[in-house]
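Beneath this line is the structure, given in structure tokens, with notes to follow.
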Amino acid sequence: MQGRSDQQAGAGVTDPKPTRRDMLRVATGVAGGAAVVGAVAAAAYMVPLLDEPDALVPPPAGTVEVDLLPLQAGQQILVFWRSWPVFVVRRSPQAVSMLRNPDLLGQLADPESDQLQQPPYARNRERSIRAEFAVLVGICTHMGCTPQFYPQPSASEPQPDWLGGYLCPCHGSKYDLAGRVFKDFPAPYNLPVPPHRFVGDKIIRIGENPPGVKFDFNTILQI
């Protein structure tokens with residue numbers, strides 16, 4: 001779906017605004033039975049800390065700022081940018097290492113992010129500016145459902161030999177913790193990565209590219 005406007009892009013998504021139940025499920029996530037506490041999700045909306053260089057400058061219209069300070073390794077929070085849910089994940093060192101595991105890479109449809117589903121600064125195996133943090137639009141590229149977060153590898157849950165990542169509850173598409181889709185599942189593309197940049201070390205601003213980079217989110221292949 002090439003070069004669509006915001007309104008057109010939203011129109012092509014099934015249920016672009018998840019229900020309250022969906023939002024709570026995604027915000028808390030699943031980590032081997034250890035859910036992310038609600039306080040972490042709420043902390044995403046905290047006022048930026050004053051020791052950040054850009055903290056006194058109001059964020060531009062159309063952007064969302066996420067405070068990373070309360071986010072622990074293995075946790076995810078949910079925010080909305082435009083009309084879309086966006087996952088912000090802090091990956092553990094073990095999870096970052098898994099993103100380069102040959103066993104995982106061999107199961108992915110687009111392990112090198114060759115397809116245009118992310119800005120140029122996120123075209124890497126972590127699909128991020130900093131390997132520790134992922135920023136992903138939480139809409140399955142098959143039919144627009146909200147994938148569920150299962151960050152911990154498991155022999156049995158939510159599926160046998162689970163390596164950690166996302167599972168779409170609608171039609172079973174699987175993504176790793178970089179939002180890369182697995183082969184032979186309905187979803188055709190990796191989860192989109194929105195424009196984003198770091199404001200100092202503690203805040204991510206979604207909807208704005210890093211200085212000197214031009215990337216139009218409407219040019220991605222599909223959302």
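The figures follow:
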read-out: Heavy-atom accessible area per residue - segment 60-214, 1.4 Å, Å²; value: 38 Å²
read-out: Sequence ranges 125-137, 98-110, ranked by mean other-Cβ count within 10 angstrom, highest first; value: 125-137, 98-110
read-out: FRET efficiency, residue 154 to residue 83 (Cβ-Cβ, R0 35 Å, nearest 0.05); value: 0.60
read-out: Using alpha carbons only: equivalent-ellipsoid semi-axes of segment 96-223, gyration tensor based, whole Å; value: 24, 16, 13
read-out: J(HN,Hα) series, segment 153-158, from Karplus relation 6.51 cos²θ - 1.76 cosθ + 1.60, nearest Hz, glycine and proline x; value: x, 8, 6, 9, 10, x
read-out: Ranked packing of 168-181, 142-155, 209-222, most packed first, by mean Cβ within 10 Å; value: 168-181, 142-155, 209-222
read-out: Distance between modelled label sites at residue 184 and residue 97, nm, 7 Å Cα→Cβ extension; value: 2.8 nm
read-out: 5 angstrom amide H check on residue 108, placed H, neighbours 5+ away; value: 183
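The values are calculated or read from the model by the stated rules, or taken from the named source; none is laboratory data. Remember, predicted model here, so these are calculated numbers, not experimental data. Positions of Cβ are backbone-derived with ideal geometry, glycine not excepted, and every protein chain shown enters the neighbour counts. Note: accessible area is taken over every heavy atom of the protein model, side chains too, but ligands, DNA and RNA are not part of it. Shrake-Rupley method; radii C 1.70, N 1.55, O 1.52, S 1.80 Å.
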